[in-house]
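Just so it is clear, none of the values below were taken in a lab; they were calculated from the coordinates. Keep in mind it's a predicted model, so treat the numbers as computed, not measured. Glycine gets a Cβ as well: all are built from the backbone with ideal geometry, and neighbour counts include every protein chain shown.
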Amino acid sequence: MSVFEKVKSAIVNNLSVDPDKITLDTNLKNDLHADSIDAVQVIMDLEDEFGIEIDVDKIQDNATVGTIVELIEASIK
């Protein structure tokens, strides 16, 4: 499973949204109506999934799925 697919799965599980609505350009706040608590929960799940720490400050404001994927890929290389 790709990083994108794992991020997508975490978002679907935490926000109960339609997986077809999630692309790399999807914005957590504007498109999926996630609040800061929702975003933190998604990030915590992804940190557990990948065994990394993600700087939440880099993704809270206008974070897209693509931004999260990029941060994870940079952390696991």
Every residue from the range 6-25 that is closer than 13 Å to Val69 by Cβ and without any contact (Cβ under 8 Å) to a residue 40 or more places away in the chain: Ser9, Ala10
Qualifying positions in the range 51-77 - within 10 Å of the chain's Cα centre (by Cα) and on the phi > 0 side of the Ramachandran plot: none
